[in-house]
Amino acid sequence: MSSKEELYKVLVESVPYGTLFFAYGVCVDANQNALRLLECELKQLIGASVDKINGDESSALVDLKLQLKKAQMGKQKTLSWTCPGQGAPIHVEVVYVTEDGKEMVVMLKSEQDKAAASGAEGYHSKPTNSGQSGLDALSDSWEPMDESAVTSVGNPELIVDDSGRVVSERRVAERRADDGQKHYFDGLTSLPNRQMLAESLADFLEIHQGGPVCAAVMMLDLDHFKDINDSWGHNVGDQVIKKIGQALVSLVSGDNMLARMSGDEFVLFIPELADDPSKAAWSAQAIAEKLGEAVASPIFLDGHEVILTASIGIALLTDADLRADRVLQYADTAMYEAKRKGRNSIAFFDPSITQKAQRQIGMNTRLRKAMDNHEFVLYIQPQISVETGELLGGEALLRWMNADKVTNMPSEFIPVLESSGLIVDVGRWVIRTSCEYLRNFIDMGIWQDHMRLGINISPRQFRDPQLLDIVQHSMKSYNIDPSFLNFEVTESLVIEDVDDAIKKMEAIKALGAMFSIDDFGIGYSSMIYLKRLPFDQLKIDREFIRNIHRDSESRGIVEAIMAVSKQYGLKVTAEGVESQEALDILRELGCHSYQGSHFSMPVPCDRFTKLLAA
């Protein structure tokens, strides 16, 4: 070692606070004070990336990395951080050695340097400092109950321990038993299980009954986790669940409890969130965002990089006069609302959500009966040439006509079909029925070679492994020329997994069918995807067409879409054309075809047959 290196080591080790050195987001050195604080050995810390979380890292290191990642994004130079297990906050200073922030020095200055408490080894949480709240009050330390627990005078069925927490006498005996770990903890993650959470929540509600509370229950569900099990097997799925649990528990501390409910669901119970409900909402939002960030950190397993997102539902608890199962139901309802919003999001429980869910449950039941009672029908909306006005085909649209001859709005029942999974069976019926209609049109001699029939494919239906077989079988059964079919998918669907979408689309196109990208312009994809994805046609969403003759911004967007489509050789169909003025502008811009009330609303098959025969 050179004299300069020796001097460097002496200086770094002599400072009375933790010091870490990062280059390109990776730790390259640290002193002993930092190692003690983060409960790491030097070999564990060297090479640790701010952008990745590994399952064998200490909870303190994981939490610090999340804070540093936020600091990097906002170019923060100082922040206050509470290390899991530490009572006093730690002052963190970040020195950016280079302007781009790729090299930095991190200094951790605290008044006390004690080892952080270990993770979930026991059964209940230590009391926290009253001044702490939210994640700052979290320490993931559960300790076994000692013999000092005494029977509650008010209720002989309850036991109160030294921390003031109340548990049932039966649970004390079970926790002390040799098989208590199996009864109350999840075998895969070692986190508390559903039983432990439910009883702890019930105890909390019982001891606080009639008094003020300000707590929260958060239900976290991993988005599209089934795809991991299907693609790589349940062994990899179990490893992912274990690592996600480790990442989440590193953020949990104090009286708060993180439990694994089942499958890919976790629940965080925070008994003391804030002083009042308004502050609690802000705190809950911040905590949920932090949980989401932890889930989204890349995981590397057996050569696979796994990146997940989570949908999180939050039930704020201000009334202790509730049952534990009802509180969990509220959090579960909010979580499904987060999924309905598009996943990778956060939603708070609202009573109106429950009412909506009840309506959807009722509709789900009616939809299942509708399949058996043959209440679904196909309408067809004509598609017209902008230039010549001739009929170019149409788009098959699903309608639900119940026994009372009442037509239900597609915007109401199609999302329920999608969320329930019924859309797969209904979608198969749509494909078969569309081919049957086409066969009839061909046999009647009214279907021409230039015509195409559009068939919508929903996200869940697109992921159906049997989709290609269904398409092939339907075309073969009715002897349909594949070039007559134009399958329509939304841009949000295809960019969920671009490579898989390309593979499936090319397999169907190899049969001779076409693909259109539907509702283009309202999603979040870039036009660059048009270059990669094998589309033949693009459909501009009605929101840009409706006011194209009155709104210069809408016209500008349509002009941009037309230019890109021309560059990629795509034909363009405009949806929602309602006026001659809009049609004139589309003709001026070179649009190929249109559909909308200006020519015709969607019509039953017999009326579309008359249009073809005219």
Next on the checklist: Over the range 270-320, what is the relative contact order in percent, taking alpha-carbon pairs closer than 8 angstrom and at least six residues apart?
Outcome noted: 30 percent
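Out of the range 21-50, which chymotrypsin sites (Phe, Trp or Tyr not before Pro) are coil in DSSP terms and have no more than 16 other C-beta atoms within 10 Å?
Answer in residue order: Tyr24.
Accessible area per residue of the range 400-466 at 1.4 Å probe, in Å²?
48 Å²
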Checklist entry - Given a 1.4 Å probe and every protein chain left where it sits, what share in percent of the accessible area of the range 365-462 is carbon and sulfur? => result 49 percent
Item to check | Euclidean distance of C-alpha centroids, the range 243-265 and the range 584-614, integer Å | outcome: 55 Å
Checklist entry - Which of the pairs Lys65/Lys102; Lys43/Lys77; Lys69/Lys341 have their Cα atoms more than 19 Å apart in this structure? => result Lys43/Lys77; Lys69/Lys341
Next on the checklist: On a full-extension model of 0.36 nm per residue, what is the gain between Lys102 and Asp500, subtracting their alpha-carbon distance, rounded to one decimal in nm?
Outcome noted: 139.9 nm
Next on the checklist: Show me, for the range 456-466, the HN-Hα J-couplings you get by feeding each phi into the Karplus relation (A = 6.51, B = -1.76, C = 1.60, θ = phi - 60°), rounded to Hz, glycine and proline as x.
Outcome noted: 7, 10, 7, x, 5, 5, 5, 7, 5, x, 9
Checklist entry - Given a cut-off of under 8 Å on Cα pairs at least six residues apart, what relative contact order in percent is computed for the range 434-544? => result 25 percent
Checklist entry - Counting other Cβ atoms within 10 Å of each Cβ, which chymotrypsin sites (Phe, Trp or Tyr not before Pro) in the range 182-233 have at most 14 and sit in a DSSP loop? => result none
Item to check | Per residue value of the accessible surface for the range 524-614 (all protein chains in place, 1.4 Å probe), Å² | outcome: 52 Å²
Next on the checklist: Compute the distance from the alpha-carbon center of the range 27-45 to that of the range 280-331, in whole Å.
Outcome noted: 30 Å
Checklist outcome for this item: Using alpha carbon centers only, the range 225-242 is separated from the range 433-491 by a whole-angstrom value of 34 Å
Checklist entry - Carbon and sulfur together cover what percent of the accessible area of the range 195-287 at a 1.4 Å probe radius? => result 51 percent
Checklist outcome for this item: With all protein chains in place and a 1.4 Å probe, His183 shows an accessible area in Å² (nearest 10) of 70 Å²
Checklist entry - Between Gln472 and Ile442, how many nm apart are label points set 7 Å from Cα along the C-beta direction? => result 1.8 nm
Next on the checklist: Could you order the peptides 192-201, 370-379 from most to least packed, using the average number of other C-beta atoms within 10 Å per residue?
Outcome noted: 192-201, 370-379
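The values are calculated or read from the model by the stated rules, or taken from the named source; none is laboratory data. No experiment lies behind these values; they were computed from the predicted model shown. A quick note on method: Cβ atoms are made from the backbone with ideal geometry, for glycine too, and the neighbour counts reach across all protein chains shown. Note: areas computed on protein heavy atoms with side chains; ligands, DNA, RNA excluded. Shrake-Rupley method; radii C 1.70, N 1.55, O 1.52, S 1.80 Å.
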